[in-house]
Amino acid sequence: MTEFNYREAYASVASATAHEAMERRGALDSSIKPVRRGMKVLGPAFTCVCPPGDNLTLHAALKMAKAGDVIVCASAGFTEQGLFGDVMASCAMGKGIAGLVVDGGVRDGATIAEIGFPVFARALSIKGSVKETLGALNKPIVAGGMLIEPGDLVIGDDDGVCIVPKAEIVAIAAASKTREEKEARFRRELLQGKTTWDMLNLSELLRKKGIELNI
């Protein structure tokens, strides 16, 4: 059997498309965004937990994660910290790590963007962190309002971050492709003068609710 190539299957899949293909599951909190517009990330999750203001575990994750992994760090949503900066981004780039998603704050946003390492975070903060407490590494975590397991697929772009459970990666790839094709058809027909009201049959929706609207 040919091994499933998630990078090829999800190359054009947007975070919002995957979220809709999963029946509106998988979205992290909307405040978790790329530190600079245009950043994209795709890869299996390597998870870790950092107590607020402490990035020791994140350094361990940088040591342990494999090329292509996306480090996903739970830090209790604490934004008054810079858990990750340009030095750590350089380390990640050198190891071939695909990106970082952190449920907290980072710093050195401009330099991280210049380096070209995709970082998704709740905030930018100049405040430093200590290295005192080792948290969980590559275990199930909760970050951005989602339960995330090692190996779950991380998809991030300007709209936000979506997590596809590892057991559903193949199925959601197919569902996302179907949705992409449907949306492409919709856009073509809308550009030819059709309306979303008619294409979505919203008059019928209202009728089922007992509402008649003559438009």
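How about region 95-108: which of its residues are farther than 14 Å from ALA65 by Cβ and open to solvent by 40 Å² or more (accessible area, probe 1.4 Å)?
Once the filter is applied, which keeps residues that are farther than 14 Å from ALA65 by Cβ and open to solvent by 40 Å² or more (accessible area, probe 1.4 Å), region 95-108 yields ARG107, ASP108.
The rows are residues; the columns are (1) of a type in the set (A, V, I, L, M, F, W, C); (2) in contact with a Leu (Cβ under 8 Å, 6 or more places away or on another chain); (3) within 21 Å of ALA65 (Cα to Cα).
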| residue | (1), (2), (3) |
| --- | --- |
| VAL119 | yes, yes, yes |
| LYS131 | no, yes, yes |
| LEU134 | yes, yes, yes |
| VAL154 | yes, yes, yes |
| PHE186 | yes, no, no |
| THR196 | no, yes, no |
| LEU200 | yes, no, no |
| LEU206 | yes, yes, no |
| ASN214 | no, no, no |
Completion exercise
Per the filter on region 64-78, residues over 17 Å from the mean Cα position of the chain (by Cα) and closer than 18 Å to PRO118 by Cα are ALA65, LYS66, ALA67
Completion exercise
The correct count of residues that are hydrophobic (A, V, I, L, M, F, W, C), within 25 Å of ALA89 (Cβ to Cβ) and over 13 Å from the mean Cα position of the chain (by Cα) in region 6-34 is 1
Problem - Looking only at region 135-148, and only at residues there that are more than 19 Å from CYS91 (Cα to Cα) and among the hydrophobic types (A, V, I, L, M, F, W, C), the one that is surrounded by the fewest Cβ atoms within 10 Å (Cβ to Cβ) - result: LEU147
Exercise for the section: Identify all residues within region 1-32 that are aromatic (Phe, Trp, Tyr) and open to solvent by less than 40 Å² (accessible area, probe 1.4 Å); write none if there are none. Expected result: TYR10
Exercise for the section: Within region 74-84, track down each residue that is under 20 Å from ASP158 (Cα atoms), open to solvent by 10 Å² or more (accessible area, probe 1.4 Å) and either part of a helix (DSSP H, G or I) or not polar (S, T, N, Q) (or both). Expected result: GLY77
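Each row is one residue, and each column tells you yes or no for (1) at pLDDT below 95; (2) in contact with a Ser or Thr (Cβ under 8 Å, 6 or more places away or on another chain); (3) open to solvent by 40 Å² or more (accessible area, probe 1.4 Å).
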residue	(1), (2), (3)
ALA110	no, no, yes
ALA123	no, yes, no
LYS127	no, no, yes
LEU153	no, no, no
LYS208	yes, no, yes
ILE215	yes, yes, yes
Practice task
Inspect region 63-71 for any residue being out of contact with any strand residue (DSSP E or B) (no Cβ under 7 Å at 6 or more places or on another chain) and within 26 Å of ALA18 (Cβ to Cβ) and give the result as yes or no.
Solution key: yes
Practice task
Scan region 50-73 for residues that are surrounded by 24 or more Cβ atoms within 10 Å (Cβ to Cβ) and either touching a His at 6+ places or on another chain (Cβ under 6 Å) or not in a helix (DSSP H, G or I) (or both) and report the count.
Solution key: 8
Exercise for the section: Looking only at region 85-94, count how many residues are surrounded by fewer than 19 Cβ atoms within 10 Å (Cβ to Cβ) and either aliphatic (A, V, I, L, M) or within 13 Å of ALA61 (Cα to Cα) (or both). Expected result: 3
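The values are calculated or read from the model by the stated rules, or taken from the named source; none is laboratory data. Keep in mind it's a predicted model, so treat the numbers as computed, not measured. Every residue, glycine as well, gets a Cβ built from its backbone with ideal geometry; the counts of neighbours run over all protein chains shown. Heads up: the accessible areas ignore ligands, DNA and RNA and are worked out on the full protein's heavy atoms, side chains in. Shrake-Rupley method; radii C 1.70, N 1.55, O 1.52, S 1.80 Å.
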